[in-house]
Amino acid sequence: FFHENLDDREMALALETFGGTLSQKMEWLTAEGATSVPNEAPALPDDVEIVTSRPAPALVVRDDRARGVPVRIYQPPTPRAALVYLHGGGWVQGDLDTHDALCRRLAGEADRLVISVDYRLAPEHPFPAGLHDVLDAFAWARELASSHGLSRVELGGARAGGALAAAAGLVLRGRGEE
């Protein structure tokens, strides 16, 4: 939640006093305060081991622009479908780098041509700017997928990105697009 009675400096002092940090307590910050916290890729606990059943394939990774929106494309040797991936970050944080490792894993293990979208963030770009970016990137991704012989384009994300994916899905369904 966003606490209305404390400014970000006061909130930082309260968190420090009670044993927290800004990055640990992002949900307590205002949108402006959250943008001042450095982007951090989610880390796995030390006692978690990643086990895969097959070696990771060689991926071709490149940055591009999807109708003006920055994207990163992760191409495995033989993708079965495309996935437009939207990062989390509370609509105020996150970018192509914070979710790079996850996108590489999705591409390699799920055999997906992953298109990670660097949609515009609040508060500098209020809603619906990020949603417009997602819709533009999704339309572009359909063309890219078709050029790779893929007929299926999926849309998904984490946290705020998942909410944007759901919103974009509703817009596309309202337009009669599938």
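The values are calculated or read from the model by the stated rules, or taken from the named source; none is laboratory data. This is a predicted model, so every value here is computed, not measured. Using ideal geometry, Cβ is built from the backbone for each residue, glycine included, and neighbour counts are taken over all protein chains shown. Note: areas computed on protein heavy atoms with side chains; ligands, DNA, RNA excluded. Shrake-Rupley method; radii C 1.70, N 1.55, O 1.52, S 1.80 Å.
Scan the range 119-127 and give yes if some residue there is touching an Asp or Glu at 6+ places or on another chain (Cβ under 7 Å) and surrounded by fewer than 23 Cβ atoms within 10 Å (Cβ to Cβ), otherwise no.
Yes; the residues of the range 119-127 include at least one that is touching an Asp or Glu at 6+ places or on another chain (Cβ under 7 Å) and surrounded by fewer than 23 Cβ atoms within 10 Å (Cβ to Cβ).
Regarding Asp133, is this residue among the charged types (D, E, K, R), open to solvent by 40 Å² or more (accessible area, probe 1.4 Å) and at pLDDT 95 or above?
no
Any chance the range 160-178 includes a residue that's in contact (Cβ under 8 Å) with a residue 24 or more places away in the chain, among the basic types (Lys, Arg) and open to solvent by 70 Å² or more (accessible area, probe 1.4 Å)?
No, every residue in the range 160-178 fails to be in contact (Cβ under 8 Å) with a residue 24 or more places away in the chain, among the basic types (Lys, Arg) and open to solvent by 70 Å² or more (accessible area, probe 1.4 Å).
Considering each residue of the range 122-146, count those that are under 19 Å from Glu177 (Cα atoms) and of a type outside the set (D, E, K, R), and give that number.
12
Can we say Ile115 is of a type in the set (Val, Ile, Thr), within 22 Å of Pro57 (Cα to Cα) and either touching a residue at least 60 places away in the same chain (Cβ under 8 Å) or open to solvent by 10 Å² or more (accessible area, probe 1.4 Å) (or both)?
Taking the combined requirement at face value, the residue does not satisfy it.
Please identify the pairs in which a residue from the range 81-108 that is without any contact (Cβ under 8 Å) to a residue 24 or more places away in the chain has its Cβ atom under 6 Å from the Cβ atom of a residue that is surrounded by fewer than 19 Cβ atoms within 10 Å (Cβ to Cβ) and part of a helix (DSSP H, G or I), counting only partners at least 6 apart or on another chain.
That search, which allows pairs on different chains as well, returns nothing.
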